[in-house]
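A short worksheet on the structure shown next.
Values quoted throughout were computed directly from the atomic coordinates according to the rules given, and no laboratory measurement underlies them. Since this is a predicted model, take the numbers as computed values, not measurements. Note: ideal-geometry Cβ built from the backbone for every residue, glycine included; neighbour counts use all protein chains shown.
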Amino acid sequence: MNFEEIIKTNKQNIKNIVRLITKQDNEDVEQEVYIKLWKNSESYQERGSMKSWVNTIAKNASKDYLKSAAVKNEQACSEDDSALVNIRDRKRNPEEQILVSERQKSIINAVENLKPKFKEVIMMCEIYGYSYEEASKKLNCPIGTIKSRIFNAKKELAIVLQDLL
C-alpha cells in the first residue's frame, strides 16, 4: 500500500470531510486520519473502494474529535464562570440558511441537468464513492472512459456553477 499515493489522492477529500463535520479546518484531525490509515493498513480488505475506506476513517476521526471537544467544553463549563464565552452558536441565521439552501439547489440542479452518461459517473464516483475500477466494471466500459466522463462532467459543472466557486 503506497501511503504517499493514498494521501495525495485523498487529501482534499479528507480535508472536506473534516471541515463538513467539525465546521472548521482542522489539521490535527487530518493528521489523525493519516495516522489511522497507516496503523490500520494491515486490516484493510479490498471489498469496497479505497476511497470509501478513507472516507469512513475521516468521518470517524472527525466525530471522535467532536466528542472529545464536547467533553472538554462540559468540563470547562463546570469549572469556569465565564463558560458563556466558550459556547459557540452553531445555528445559522435565516439569511445563511437561505443561501446554503439555494446553493444546494443549484448544485443538485446542475448535476440533474448533466448528460445521463456524465451524471451516472459523477453519482457513482463522487457521491457514492465508487473507485474508477468499480465504476468501470459496473458500467462495462474502460477506465479511460470513466475518467474522461468525470473530467467532462466536472468541466460542465464548473461552467454552470461558476458563480458558486
Quiz item: Quick one: which of 129-138, 155-164, 16-25 comes out on top by average Cβ neighbours within 10 Å, and what's the full order, highest first?
Solution: 129-138, 16-25, 155-164
Quiz prompt | Using θ = phi - 60° and Karplus 6.51 cos²θ - 1.76 cosθ + 1.60, couplings along region 4-21 (whole Hz; Gly, Pro as x) | solution = 4, 5, 4, 5, 4, 7, 10, 4, 5, 4, 4, 4, 5, 5, 4, 5, 5, 7
Practice problem: Please give the peptides 28-40, 102-114 ranked by average Cβ packing (other Cβ atoms within 10 Å per residue), highest first, as a rough proxy for protection. | Solution: 28-40, 102-114
